[in-house]
Amino acid sequence: NKLLHDAFMNRRKTLKKEMGSRWSDEAHERWLFYSQSENEELDKTCGKGFQPKQGDAETLRHGNGIYFVKEASFVDDFLSASTADGSKRLLVCRVLTGKYDVGKPGTSPPVTQQTTGRSPVTVHTFVDSMEEPFVFVLPENDGAMAYASYLVTYKMN
């Protein structure tokens, strides 16, 4: 979808400008798997954009927003067969993480952090861990921070 790709590239440009010399392609842009909802139609997601994750405090324990994960197995564990032949489908996405921090239930990125003696800093994304982030939560109203690059269809034997 060219429109969504253009929106992603424009958001990337804006984020790089905002972060200035702190920007690093390796640290602030990643390939992640979209943690879609059980009954979400991925064809619609590819055409219209990502949906915020819905659920209780346990499901949203890293904050409110659009969830992505580092490993496909995490998404696979929550999917039932999504095609007539029993195959499953998932999205591999380019994701702009920007500056991130550990999220909490009931909060939504972005947030502004104030450090004594320093200028305020925007946290763009929430994660589950600063040491080795596995889960990334993007703002629910900023789906342009990710782009669905590949739709993978597979079947486990």
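ALA84 meets the conditions (1) within 24 Å of TYR154 (Cβ to Cβ); (2) open to solvent by less than 60 Å² (accessible area, probe 1.4 Å); (3) hydrophobic (A, V, I, L, M, F, W, C) in every case but one. The failed one is (2).
Considering the conditions (1) under 15 Å from the mean Cα position of the chain (by Cα); (2) open to solvent by 40 Å² or more (accessible area, probe 1.4 Å); (3) not hydroxyl-bearing (Ser, Thr, Tyr), ASP77 is excluded by exactly one of them, (1). Of VAL75, VAL137, all but one fail to be aliphatic (A, V, I, L, M), outside any helix (DSSP H, G or I) and touching a residue at least 40 places away in the same chain (Cβ under 8 Å); the exception is VAL137. Set side by side, the residues LEU91, LEU151 differ, and just one is in contact with a helix residue (DSSP H, G or I) (Cβ under 7 Å, 6 or more places away or on another chain), more than 30 Å from GLY20 (Cβ to Cβ), touching a residue at least 12 places away in the same chain (Cβ under 8 Å) and open to solvent by 30 Å² or more (accessible area, probe 1.4 Å), which is LEU151. Residues in region 1-58 that are without any contact (Cβ under 8 Å) to a residue 40 or more places away in the chain, within 25 Å of THR107 (Cα to Cα) and polar (S, T, N, Q): THR14, SER37, ASN39, GLN51, GLN54.
Each row is one residue, and each column tells you yes or no for (1) surrounded by fewer than 17 Cβ atoms within 10 Å (Cβ to Cβ); (2) hydrophobic (A, V, I, L, M, F, W, C).
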{"position": "HIS5", "(1), (2)": "yes, no"}
{"position": "ARG11", "(1), (2)": "no, no"}
{"position": "GLY20", "(1), (2)": "yes, no"}
{"position": "ALA27", "(1), (2)": "yes, yes"}
{"position": "ASP43", "(1), (2)": "yes, no"}
{"position": "LYS48", "(1), (2)": "yes, no"}
{"position": "PHE68", "(1), (2)": "no, yes"}
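Answer yes or no as to whether PRO105 is out of contact with any helix residue (DSSP H, G or I) (no Cβ under 7 Å at 6 or more places or on another chain), in contact (Cβ under 8 Å) with a residue 24 or more places away in the chain, surrounded by 17 or more Cβ atoms within 10 Å (Cβ to Cβ) and assigned to a loop (DSSP other than H, G, I, E, B). No; evaluated as a whole, the condition is false for this residue.
Restricting GLY63, GLY98, GLY55 to those that are in a loop (DSSP other than H, G, I, E, B) and either open to solvent by 50 Å² or more (accessible area, probe 1.4 Å) or at pLDDT below 80 (or both) reduces the list to GLY55.
The values are calculated or read from the model by the stated rules, or taken from the named source; none is laboratory data. Computed from a predicted model, the values in this text were never measured in an experiment. Note: ideal-geometry Cβ built from the backbone for every residue, glycine included; neighbour counts use all protein chains shown. With ligands, DNA and RNA removed, areas are computed over all heavy atoms of the protein, side chains included. Shrake-Rupley method; radii C 1.70, N 1.55, O 1.52, S 1.80 Å.
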